[in-house]
Amino acid sequence: MRILVVEDERKVAAFICTGLEDETYSVEVVPDGVSGEEAARRGVYDLIVLDLMLPGRDGVEVCRNLRAAGVRTPVLMLTARTALQEKVAGLDSGADDYLTKPFAFEEFLARVRALLRRGPRADVLPLRCADLVLDRARLRVRRHGRDIQLTHREFVLLEYLVRHPGQVISREELAEQVWGHEIDSGSNVIDVTVSHLRGKVDRGPGPQLIRTARGHGYVLRHDEDP
Ligand code: CA
């Protein structure tokens, strides 16, 4: 289980990190909202522990952005304030639970376990790129008003590209994020899967969405591209 901890107070971060590692969780700590959001968008975590008051971008904004981008990872928000308004703002932004600092590690751990048991949220909006719609709750894709059948791997690959529109995604990144290092970045499995995906997604009218960045990897057409 991989947990991302976004916390700028070193002592609190170390306290959480040590405790979680003792419970054999794999933990990554980032100290500000901007890099926290960036890391969380990679979507490789099972849980995000998000401090409310952060430099750069506060926890509420980070959480709102993540949910808007379709990131379903459960979020446990940490707040130093007891004001009800703060808790409501946190939950409204899409956090799943909150804990007021200071807290006992046992209580924190109980909430972490509960959120991990619950798993990713199902109530997320579909992801969109141009006229392509990814319904992650039903693992369904639609384009030009027709349903497209994808294999699970094709869906994961497409979802990763849609989450990073306009960015060149390297073969190394795809091997890690889509195949979890089961394959080598030089493997032709990547080319074959992309080719199948293109055959399904870029068939018919409309601009070609999945493009090759020769020698670098692949890029999903951005809405603003010509
Ligand atoms: Ca803080």
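The values are calculated or read from the model by the stated rules, or taken from the named source; none is laboratory data. For clarity, every value in this text was computed on a predicted model and none was experimentally measured. Because the Cβ atoms are built from the backbone with ideal geometry, glycine has one as well, and the counts that use them run over all protein chains shown. Just the protein is used for accessible areas: all its heavy atoms, side chains included, with ligands, DNA and RNA removed. Shrake-Rupley method; radii C 1.70, N 1.55, O 1.52, S 1.80 Å.
What a 1.4 Å probe finds exposed on the chain is 49% carbon and sulfur by accessible area, rounded to a whole percent. Computed over region 126-220, the alpha-carbon pair-distance distribution with 10 angstrom bins reads 16, 54, 27, 3, each value a whole percent. With the largest listed first and rounded to whole Å, the semi-axes of the equivalent ellipsoid of the chain from the Cα gyration tensor are 35, 19, 15. Shown in residue order for region 16-27 are the 3J(HN,Hα) couplings computed by the Karplus curve 6.51 cos²θ - 1.76 cosθ + 1.60 at θ = phi - 60°: 5, 4, 4, x, 5, 5, 4, 8, 6, 7, 8, 10 Hz (x for Gly and Pro). Close amide H contacts of VAL29 (hydrogens built in the peptide plane, cut-off under 5 Å, sequence separation of 5 or more or a different chain): VAL5. Other residues lying with their Cβ under 13 Å from the Cβ of ARG214 contribute a combined charge of +1, Lys and Arg counting +1, Asp and Glu -1. Between the amide H of ILE210 and those of ARG221, distances stay under 5 Å, these residues lying 5 or more places away or on another chain, with hydrogens modeled in the peptide plane. Counting charges near ARG203 (Lys, Arg +1; Asp, Glu -1) among other residues having Cβ under 12 Å from its Cβ returns a value of +3. Distances between placed amide hydrogens fall under 5 Å for MET77 paired with LEU50, ASP96, ASP97, TYR98, LEU99, all partners being 5 or more residues away or on another chain.
Once both axes come from the Cα atoms, what is the angle between helix 152-163 and the longest principal axis of the chain, in degrees from 0 to 90, rounded to 10? Helix 152-163 sits roughly 70 degrees off the main axis of the chain.
Any chance you could run the full-extension gain for GLU9 through PHE105? It's 0.36 nm times the residue separation minus the Cα-Cα distance, nm to one decimal. Before the final figure, lay out each step's value.
Numbers: separation 96, 0.36 × 96 = 34.56 nm, distance 1.59 nm.
Result: 33.0 nm gained on full extension.
Secondary structure note: in the chain, about 50% of the DSSP beta bridges are antiparallel. Sequence-ordered 3J(HN,Hα) estimates for region 70-75 from the Karplus curve with 6.51, -1.76 and 1.60 and θ = phi - 60° stand at x, 6, 9, 4, x, 10 Hz, glycine and proline given as x. Given the -39500 (n - 2.57) contribution per DSSP H run of 4+ residues, what per-residue ellipticity at 222 nm results for the chain, rounded to the nearest 500 deg cm²/dmol? It lands at -12000 deg cm²/dmol. Region 175-226 and region 156-173 have Cα centres separated by 8 Å. Between the helical axis of 188-201 and the longest alpha-carbon principal axis of the chain there is an angle of about 80 degrees.
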